[in-house]
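Everything below concerns the one structure shown next.
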Amino acid sequence: MSKVGKNPIPIPSGVDVNINQETHEVKVKGKNGELSRSFDKRIHIDIQDQQIVVTRPSEEKTVKMLHGLTRSLLANMVQGVNVGYTKRLELSGVGYRVALDKDELTINIGFSHPVRIKAFPGTTFHVPADTIIEVKGIDKEKVGLMAAIIHRIRKPDPYKNKGIRYTGEKLIKKAGKALGKAGK
């Protein structure tokens with residue numbers, strides 16, 4: 001049995017889960033919104049005692065892999081519509097700043113022009129300070145992808161400690177080029 005797949009997913013109050021057994025589509029509705037996703041027909045999804053239970057009919061390798069994946073995706077859907085997801089990024093560098101205009105970020109990070117980014121449908125931006133970006137939404141995949149796109153604009157530089165980094169991301173500063181005998 002899969003270590004992840006065997007754990008049931010508790011359904012919090014205020015969250016409604018509908019499973020269409022014919023199409024294997026699961027709809028999860030909560031206070032933050034609604035998510036739906038189709039799953040592989042080889043995995044069985046049922047609701048028992050206010051919990052979502054994911055089971056597999058065989059011990060095939062692909063079915064075993066799908067078992068844990070399906071359970072994780074369902075748990076992410078339930079948490080997303082109930083609590084939501086947030087990814088926080090920080091800008092570090094002289095003159096690096098961000099501004100929010102409706103659903104579009106304007107990021108100044110040392111390029112000759114400001115970089116503009118629109119939010120994906122289902123995600124929103126929040127800028128609590130001019131060097132902090134928060135990406136929020138109910139779909140964990142979209143929030144993570146949006147944050148990764150912003151992070152990729154200017155990855156943190158290990159030599160100067162400048163760039164866009166996730167909050168809590170550890171960056172080991174490297175020493176610069178040492179001057180040898182020829183540089184004296």
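Where a number appears in this text, it was derived from the coordinates with a stated rule and is not lab data. The model shown is predicted, which means the values in this text are computed figures rather than measured ones. Cβ coordinates were reconstructed from backbone atoms using ideal geometry, including for glycine residues, and neighbour counts include every protein chain displayed.
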Largest first and in whole Å, give the semi-axes of the stretch 3-77's equivalent ellipsoid, each being the square root of 5 times a Cα gyration tensor eigenvalue. 21, 13, 10
What aspartates and glutamates does Lys177 reach when the alpha-carbon gap must be under 16 Å and sequence neighbours fewer than 8 apart in one chain are set aside? Asp157
Return the sequence-ordered ³J(HN,Hα) values of the stretch 38-45 in whole Hz as given by the Karplus equation 6.51 cos²θ - 1.76 cosθ + 1.60 applied to θ = phi - 60°, using x for Gly and Pro. 9, 10, 5, 6, 7, 9, 9, 10
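For the stretch 28-184, give the magnitude of the charge dipole about the Cα centre (Cβ charges: +1 Lys/Arg, -1 Asp/Glu; no others), in debye to the nearest 20. Can you show the working numbers first?
Working: 30 positive and 16 negative charges, 220 e Å.
The calculated dipole for the stretch 28-184 is roughly 1060 debye.
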To the nearest 10 degrees, how steeply does helix 61-82 sit against the main Cα axis of the chain, on a 0 to 90 scale? 80
Just to check I understand the Karplus step: with θ = phi - 60° and J = 6.51 cos²θ - 1.76 cosθ + 1.60, what whole-Hz values come out for the stretch 50-58, glycine and proline as x? 6, 9, 8, 10, 10, 10, 10, x, 9
For helix 140-153, what angle does its Cα long axis make with the longest principal axis of the chain, in degrees from 0 to 90 and rounded to 10? 10
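State the dimensionless ratio Rg/Rh of the chain (Rg: radius of gyration of Cα atoms; Rh: Kirkwood radius). Spell out each step's value before the answer.
On the way: Rg = 21.9 Å, Rh = 19.3 Å.
Checking Rg against Rh, the ratio lands at 1.14.
For the stretch 38-145, what is the convex hull volume of its Cα atoms per residue in Å³?
Working: hull volume 15.0 nm³, N = 108.
Spread over its residues, the Cα hull of the stretch 38-145 gives 139 Å³ apiece.
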Whole-Hz ³J(HN,Hα) from phi, Karplus 6.51 cos²θ - 1.76 cosθ + 1.60, for the stretch 22-37, glycine and proline x: 6, 9, 6, 9, 10, 10, 10, 10, x, 5, 8, x, 9, 10, 9, 7
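Using just the helices of the chain, give the 222 nm mean residue ellipticity in deg cm²/dmol: DSSP H runs with n ≥ 4 each add -39,500 (n - 2.57), and the total is spread over all residues, rounded to 500.
Working: 2 runs with 36 residues, N = 184.
Theoretical 222 nm ellipticity from helices: -6500 deg cm²/dmol.
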